[in-house]
Amino acid sequence: FFLGKYDYDLVIIGGGSGGLACSKEGKPWVCTKWGLGGTCVNVGCIPKKLMHHSALLGGAVRDAAKYGWSIPDKVSHDWQVPGSAVQNHVKSLNWGHRVQLQDKKVKYLNLKGRLVDEHTVVGTNRSGNETVLTAENIVIATGGRPKYPANVNVALECAGFLTGIGQDTTVMVRSIALRGFDQQMAGLVTSHMASHGTRFLWRCVPKKLEKLPSGNLQVTWADTGSGHEEWDTFDTVLWAVGEAPETKSLNLEGVGMALNKDTGKIIVAEDEATSVEHVYAIGDIGEGRPELTPTAIKAGKLLARRLAGVSSELMNYRSVPTTVFTPLEYGCVGLSEEEAERQHGKDTIEVYHAFYKPLEFTVAERDASQCYIKAVCQRSGDGRILGLHFTGPNAGEVVQGFALGLQCGATYSHLLATVGIHPTCAEELTKLHITKRSGLDPTVTGC
C-alpha cells in the first residue's frame, strides 16, 4: 500500500471518535487540536452520561426509603465530588487513547492542520511553527466546535441532570424540543422534566445578557410570536446551541472542496469521499451524517479498510439507534412517526403503542405517565418495523438490543414471536398489540 512517493500513506486531521478509529485501523499520522477523544470523551457523551447517573442516584436515594432503607431527612449533593471524578476519568481516557495509538504504531502530533492540496497538510503548533506532511490520502475528521448563539436550541440532558442534583434550572426553547426526533416522544420527555422541576420557556429567544453588580446574570428574552420581552436573573447561563463545523481554518474552499453553504459541512459521497480526490471526511463534519460517536467510529474503521484495499464495505447509515439521556431516557431506532408518514404515507403504516409502568416504579410510587413505547410498522405483509421508540429506565440498553432486529429486517410478527424477559420494561415491546388507529386505551394492565 505504501508507494514511497509521499511521507505517509494516510494523514488524519482530527483526534475524535472517527479520526481515532480510522487511525487505529490504518496506522496513519494524526493531528489534533485538543484532548484525544474529541467531543465525546472531553465534553460530550462520557461526562454527560456520568453526570446523568449522578442525578439518577439522587432519585434512587429518594426511592430507597420506600424500599425500607433508612435515609436522612435531608440529603445534599456536592458538585465538586463527581466533577473531579469525571475530569479524572476523562484524563485517563485521553491517556488511554495516546497509549493505543503508540501500540498501533500511529504517529500522533498535537497540531492544527490545514489542507494545501489533495496530498499535503500543514500542521501548526502552539508556538506557530509549521510542519509539512504529504500523504497518499487525507481524512478530515474534525467534527464541530461549540458555537456562540445567534439562536438558542434546547439542552435537555444538561438541564435534566442539573435539576436532578438540586439546581433550579430553566431551559429556553426557540421552537420545538429534540428537533429531528419523534415529536410525540419529545413531548413526553419534556413533560416529565417539567413535572420534576425543570422550568421551560417555550418559543423564546435571548435578546440580551448582562452581568449585574451582584455578579448574577440578567437574561432578557423575547417571545417569538408576540415579540413581548421578559427578563430574569440567574447564577449561570449555559449556551447549549449545538456545534458549528470545524472547517474554517482548514482551507477547504482554497482547495476547491464542495461545502453545504447553509450548514458549512463537507459534501460527501457514500464512500465518504469529498469533491477533492484523495481527500475524505467522516463523522459530524460530513453533510447528512448522524452526529453520533458510534457512526463516526464505524465509518472511520470501514474507510481505513477500504483505503488499505482489504475491504469494499460501505458504512450503513440506516436504522442507527440513539438515546437521549434525559431524566426519563428516550431511546429510538429507525424512523419517527412523522418521517414514516412522510416517506410511506399515513394510510400505509400502523403504529402499535403502550403506556406501561416499570415494576420498580410501583413500590416507589413514582409517576409513570410518560413511560411509553411505540412501534411504527408497515401495514402490509408481516408489518416490517420502520421505527421503535421507548421512554423509560435504561432506554439505551433496551433499544441497543432491538436495533439488531431492525438491521435484520425485523417485522411486527417477529416482535410478537419474541419471548419477553419477565419482569422487565423491554418485555413490553414484545407485547404491543393496540394500534393508534383503533382508538383503544393503550395503558398496560396486569403484570
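Quick notes on this one:
- Some residue of the range 141-154 being buried (at least 16 other Cβ atoms within 10 Å of the Cβ), more than 29 Å from residue 341 (Cα to Cα), at pLDDT below 95 and β-branched (Val, Ile, Thr): yes
- Of all residues in the range 213-242, those satisfying the criterion of being assigned to a loop (DSSP other than H, G, I, E, B), open to solvent by 50 Å² or more (accessible area, probe 1.4 Å) and of a type outside the set (S, T, N, Q) are 213, 225, 228, 235, 238, 239.
- Which listed residue, of 443, 348, is open to solvent by 60 Å² or more (accessible area, probe 1.4 Å) and in contact with a Lys or Arg (Cβ under 7 Å, 6 or more places away or on another chain): 348
- Among the residues of the range 361-374, those that are open to solvent by less than 80 Å² (accessible area, probe 1.4 Å) and of a type outside the set (A, V, I, L, M, F, W, C) comprise 362, 369, 370, 372, 374.
- Scanning the range 89-148 for residues that are at positive phi and free of Cβ contacts under 8 Å to residues at least 24 places away in the same chain turns up just one, 128.
- In the set 190, 274, 247, 198, only one residue is at pLDDT below 95, among the β-branched types (Val, Ile, Thr) and open to solvent by less than 60 Å² (accessible area, probe 1.4 Å); that residue is 247.
- Taking residues in the range 409-434 that are among the aliphatic types (A, V, I, L, M), and partners anywhere that are assigned to a loop (DSSP other than H, G, I, E, B) and surrounded by 14 or more Cβ atoms within 10 Å (Cβ to Cβ), the pairs with Cβ atoms closer than 6 Å and at least 6 places apart or on different chains are 434/442.
- Top-ranked residue in the range 22-64 [being under 16 Å from residue 145 (Cβ atoms) and of a type in the set (Gly, Ala, Ser); ranked as modelled with the lowest pLDDT]: 35
- Restricting 348, 322 to those that are of a type in the set (Ser, Thr, Tyr), in contact with a strand residue (DSSP E or B) (Cβ under 8 Å, 6 or more places away or on another chain) and under 18 Å from residue 183 (Cβ atoms) reduces the list to 322.
- Of all residues in the range 345-352, none satisfies being more than 27 Å from residue 370 (Cα to Cα), touching a Ser or Thr at 6+ places or on another chain (Cβ under 9 Å) and not in a helix (DSSP H, G or I).
- Search result, residues across the range 92-115 that are open to solvent by 40 Å² or more (accessible area, probe 1.4 Å) and of a type in the set (A, V, I, L, M): 93, 99, 109
- When the criteria are applied in full, residue 49 meets the requirement of being touching a residue at least 40 places away in the same chain (Cβ under 8 Å) and either open to solvent by 60 Å² or more (accessible area, probe 1.4 Å) or under 25 Å from residue 327 (Cα atoms) (or both).
- Consider the range 312-344 and keep the residues that are of a type in the set (S, T, N, Q) and in a loop (DSSP other than H, G, I, E, B). The one that is surrounded by the most Cβ atoms within 10 Å (Cβ to Cβ) is 326.
- Number of positions in the range 164-183 that are touching a strand residue (DSSP E or B) at 6+ places or on another chain (Cβ under 9 Å) and open to solvent by less than 60 Å² (accessible area, probe 1.4 Å): 10
- Every residue from the range 373-392 that is part of a strand (DSSP E or B) and either modelled with pLDDT under 95 or within 17 Å of residue 350 (Cβ to Cβ) (or both): 373, 374, 375, 376, 377, 378, 384, 385, 386, 387, 388, 389
- Qualifying residue in the range 409-417 (condition: buried (at least 20 other Cβ atoms within 10 Å of the Cβ) and outside any loop (DSSP other than H, G, I, E, B)): yes
- Only strands (runs of 3 or more DSSP E) whose full extent lies in the range 112-191 are considered here, and the ones with at least 2 residues that are under 20 Å from residue 10 (Cα atoms) and among the charged types (D, E, K, R) are 112-117, 130-140.
The values are calculated or read from the model by the stated rules, or taken from the named source; none is laboratory data. Remember, it's a predicted structure, so these values are computed and weren't measured experimentally. Quick reminder, even Gly has a Cβ in these numbers, built from the backbone with ideal geometry, and neighbours come from all protein chains shown. For accessibility, only protein heavy atoms count, side chains too; no ligands or nucleic acids. Shrake-Rupley method; radii C 1.70, N 1.55, O 1.52, S 1.80 Å.
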